[in-house]
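To start, the structure under review is shown below, and the notes come after it.
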Amino acid sequence: MSIELRVPQLPESVSDATILSWHKQPGESVSQDETLVDLETDKVVLEVPAPQDGVLTEIRFKVGETVQAEDVLALMEAGKAVAGAAAVSSTPVENEAAASDEAPVLSPAVRRLVNESGIDPTTIKGSGKNGRIVKADVEAAIAAQPTAAAASPAAPPAAEGRVEERVPMTRLRKRVAERLVEAQHTAAILTTFNEVNLQAVSNLRVTYRESFEKKHDVRLGFMSFFVKAAVEALKQFPIINATMDGDDILYHGYFDIGIAVSSPRGLVVPILRDADQLSFAAIEQRIREYGEKAKQGTLSYDDLTGGTFSITNGGVFGSMLSTPILNPPQSAILGMHSIQQRPMVEKGEIVIRPMMYLALSYDHRIIDGRDAVQFLVTIKQLLEDPSRLLLEI
């Protein structure tokens, strides 16, 4: 019996997807729920599984082609013996090597890196759980390639002159570019700055680091303090948590905080939903989970949609000061930066303190400068005296 493998229903506001990679070729046997093809959308990679056991007989779309919901991706025969699969029709797929039944299981992000580098995954020793190959294993194999190539006498000489390489933008990168330009064109973006003394937060982290990690199995980082401070400040200044809806201002009675995370495919912003109801440990656990899913390319649309306010931390890359861009339709975004030991004056004396510059970009169409400045000052006060977070003052 012939079965059609169709593009699943795409999330709202997503009109199409791109074929990222095929895991099976025509004539190969497949198992129920085994991933056959990866589809790349604006934000995430969708895995399309086999509906039941059988043999893949025909592929309708090549890698790089665009598909829409309900398009027929491929045909397969249900329950057909592998031995009888040699005569099935096939449509060649460019840039895809036939996968063997013993090929290692790879996440979409790892698989894409393997395909781009041309490395045989069976030669890579996985360091993940149960020997699973992770991104770091592939990167280590890539780094080892130049040495091997240099040692080979048959290696061709390096090309002379100025070399250029044209690489298509990923759908995620194109979507990010569109949204950033949209934000610049539609919003009146201003940025206000301040600095915060993180000595009190640093002392708390040092004092309770071991006991916190032992009890909750997660590190006590700075981000949970910033999320907590942002939520309390948003409660005091609800306009920062609002969005523009035509000629109306839509106030949100909940606090869904977007946390900017770097992934192999680009910047993504997963959402901490109802952040006001999360403990410090729950916030740190969610952020860790999102970071792992971002690296593996397994973030879902539910993880990435929505959000009323965002936080981005350029400090992890060494940024000293920046002006973050709004994440539409949100009206404000908080930028964190690197922590630097700097001389400060306290009670007439010069002392060394861990200081961080903060930046708040906001849409001046609905947010006045006074509210933006006072909001940022409130975050500063909450972080410099964390007991305020417990007392909600």
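Among Ala281, Ala332, Ala275, Ala294, which is surrounded by 19 or more Cβ atoms within 10 Å (Cβ to Cβ) and over 26 Å from Ile249 (Cβ atoms)?
Ala294
Looking only at strands (runs of 3 or more DSSP E) that lie completely in the stretch 204-269, which have at least 3 residues being within 22 Å of the chain's Cα centre (by Cα)?
It comes to 257-259, 261-263, 266-268.
Condition first: open to solvent by less than 100 Å² (accessible area, probe 1.4 Å), assigned to a helix (DSSP H, G or I), out of contact with any Asp or Glu (no Cβ under 8 Å at 6 or more places or on another chain) and not charged (D, E, K, R). Now tell me which residues in the stretch 166-198 satisfy that.
Passing the criteria: Val176, Ala177, Leu180, Val181, Ala183, Thr186.
Go through Gly84, Gly27 for me and flag whichever is more than 31 Å from the chain's Cα centre (by Cα) and modelled with pLDDT of 85 or more.
Gly27
Restricting attention to the stretch 4-24, and to residues there that are in a loop (DSSP other than H, G, I, E, B) and among the polar types (S, T, N, Q), which single residue is modelled with the highest pLDDT?
That would be Gln9.
For the structure I just gave you, tell me whether Glu232 is within 16 Å of Gln381 (Cα to Cα) and among the charged types (D, E, K, R).
For Glu232, the condition - within 16 Å of Gln381 (Cα to Cα) and among the charged types (D, E, K, R) - is met.
Quickly run through the stretch 378-393 and pick out the residues that are in a helix (DSSP H, G or I) and either surrounded by fewer than 16 Cβ atoms within 10 Å (Cβ to Cβ) or not β-branched (Val, Ile, Thr) (or both).
Once the filter is applied, which keeps residues that are in a helix (DSSP H, G or I) and either surrounded by fewer than 16 Cβ atoms within 10 Å (Cβ to Cβ) or not β-branched (Val, Ile, Thr) (or both), the stretch 378-393 yields Lys380, Gln381, Leu382, Leu383, Glu384, Ser387, Arg388, Leu389, Leu390, Leu391.
Across the stretch 342-365, what is the total count of residues that are in contact (Cβ under 8 Å) with a residue 40 or more places away in the chain, surrounded by fewer than 19 Cβ atoms within 10 Å (Cβ to Cβ) and either touching an Asp or Glu at 6+ places or on another chain (Cβ under 7 Å) or part of a loop (DSSP other than H, G, I, E, B) (or both)?
Adding up the residues that qualify gives 3.
Taking the stretch 36-80 on its own, how many of its residues are in a strand (DSSP E or B) and in contact (Cβ under 8 Å) with a residue 60 or more places away in the chain?
12
Taking the stated definitions as given, is Pro51 surrounded by fewer than 19 Cβ atoms within 10 Å (Cβ to Cβ), closer than 23 Å to Gly297 by Cα, at pLDDT below 85 and not aliphatic (A, V, I, L, M)?
no
Could you tell me which of the residues Thr35, Thr41, Thr18, Thr66 is closer than 23 Å to Arg265 by Cβ, of a type in the set (Ser, Thr, Tyr) and open to solvent by 50 Å² or more (accessible area, probe 1.4 Å)?
One residue alone meets the criteria, Thr66.
The values are calculated or read from the model by the stated rules, or taken from the named source; none is laboratory data. The structure displayed is predicted, hence computed values, not measured ones. Backbone-built Cβ (ideal geometry, glycine too); neighbour counts: all protein chains shown. The area values use the complete protein model at the heavy-atom level, side chains included, leaving out ligands, DNA and RNA. Shrake-Rupley method; radii C 1.70, N 1.55, O 1.52, S 1.80 Å.
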